[in-house]
Amino acid sequence: MSTGTGGHPTNGLSDTVHQRNRLGILTIAAEAEQVEVAYLREALELTAGNLSRHLAVLEEADLIHIDRGYHGRRPKTWIRITEQGQAALTAEIDALRELLRRHQELGGPPQPTG
């Protein structure tokens with residue numbers, strides 16, 4: 001049994017995307033045209049500094065685009081998922097689905113004998 005990436009389905013997981021908070025950022029960004037950074041911070045329960053670092057990693061990988069501007073007089077920052085980011089998220093979800101499928105096909109975890 002192999003996946004399109006060869007070998008075990010975990011080979012299809014991306015270290016950049018799979019991290020819990022980055023996966024959350026990409027998933028939320030994929031659900032909307034753009035998302036405000038303040039919403040991400042609250043939804044994912046992150047500090048501003050922690051969120052900033054995750055956004056930097058995703059931006060450096062060209063998975064998101066960051067837009068800075070104003071809403072009225074207040075500075076705001078929004079992110080959008082890029083086409084590359086959408087493709088990476090889709091690949092991640094596909095790999096997770098394959099892991100789930102294999103797990104279910106085997107009937108779940110092995111039962112202890114004794």
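If you check Leu55 against the conditions, is it aliphatic (A, V, I, L, M), surrounded by 16 or more Cβ atoms within 10 Å (Cβ to Cβ), outside any loop (DSSP other than H, G, I, E, B) and in contact with a strand residue (DSSP E or B) (Cβ under 7 Å, 6 or more places away or on another chain)? Let's see the steps before the verdict.
Details: aliphatic (A, V, I, L, M): yes; surrounded by 16 or more Cβ atoms within 10 Å (Cβ to Cβ): yes; outside any loop (DSSP other than H, G, I, E, B): yes; in contact with a strand residue (DSSP E or B) (Cβ under 7 Å, 6 or more places away or on another chain): yes.
Spelling it out, Leu55 is indeed aliphatic (A, V, I, L, M), surrounded by 16 or more Cβ atoms within 10 Å (Cβ to Cβ), outside any loop (DSSP other than H, G, I, E, B) and in contact with a strand residue (DSSP E or B) (Cβ under 7 Å, 6 or more places away or on another chain).
For the structure I just gave you, tell me whether Ala61 is farther than 18 Å from Gly12 by Cα and either open to solvent by less than 50 Å² (accessible area, probe 1.4 Å) or among the charged types (D, E, K, R) (or both).
Details: farther than 18 Å from Gly12 by Cα: no; either open to solvent by less than 50 Å² (accessible area, probe 1.4 Å) or among the charged types (D, E, K, R) (or both): yes.
Criteria not met by Ala61.
One line per residue, one yes/no per condition, for (1) among the small types (Gly, Ala, Ser); (2) at pLDDT 95 or above; (3) touching a strand residue (DSSP E or B) at 6+ places or on another chain (Cβ under 8 Å):
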position: Leu13; (1), (2), (3): no, no, no
position: Val35; (1), (2), (3): no, yes, yes
position: Glu42; (1), (2), (3): no, yes, no
position: Gly49; (1), (2), (3): yes, yes, no
position: Glu59; (1), (2), (3): no, yes, yes
position: Arg74; (1), (2), (3): no, no, no
position: Ile81; (1), (2), (3): no, yes, yes
position: Glu105; (1), (2), (3): no, no, no
position: Gly108; (1), (2), (3): yes, no, no
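Mind listing just one residue for me: the one in the range 1-11 that is assigned to a helix (DSSP H, G or I) and open to solvent by less than 80 Å² (accessible area, probe 1.4 Å) and, of those, modelled with the lowest pLDDT? Before you say what the answer is, go through the steps one by one.
Going through the range 1-11, the residues assigned to a helix (DSSP H, G or I) turn out to be 9-11.
Going one step further and asking which of them are open to solvent by less than 80 Å² (accessible area, probe 1.4 Å), we end up with 9-10.
Working: Pro9: 80, Thr10: 83.
Step by step, filter the range 1-11, then rank; the result is Pro9.
Being on the phi > 0 side of the Ramachandran plot, modelled with pLDDT of 95 or more and open to solvent by 80 Å² or more (accessible area, probe 1.4 Å) is the requirement here; does Glu31 meet it?
Values: on the phi > 0 side of the Ramachandran plot: no; modelled with pLDDT of 95 or more: yes; open to solvent by 80 Å² or more (accessible area, probe 1.4 Å): yes.
So Glu31 fails the test.
For the range 81-107, what are the residues that are without any contact (Cβ under 8 Å) to a residue 24 or more places away in the chain, open to solvent by 70 Å² or more (accessible area, probe 1.4 Å) and in a helix (DSSP H, G or I)?
Of everything in the range 81-107, those that are without any contact (Cβ under 8 Å) to a residue 24 or more places away in the chain, open to solvent by 70 Å² or more (accessible area, probe 1.4 Å) and in a helix (DSSP H, G or I) turn out to be Glu83, Gln84, Arg97, Leu100, Arg101, His103, Gln104, Glu105.
The values are calculated or read from the model by the stated rules, or taken from the named source; none is laboratory data. In this text, all values refer to a predicted model and were calculated from it rather than measured experimentally. Glycine also receives a Cβ, built like all others from the backbone with ideal geometry; neighbour counts cover every protein chain displayed. For accessibility, only protein heavy atoms count, side chains too; no ligands or nucleic acids. Shrake-Rupley method; radii C 1.70, N 1.55, O 1.52, S 1.80 Å.
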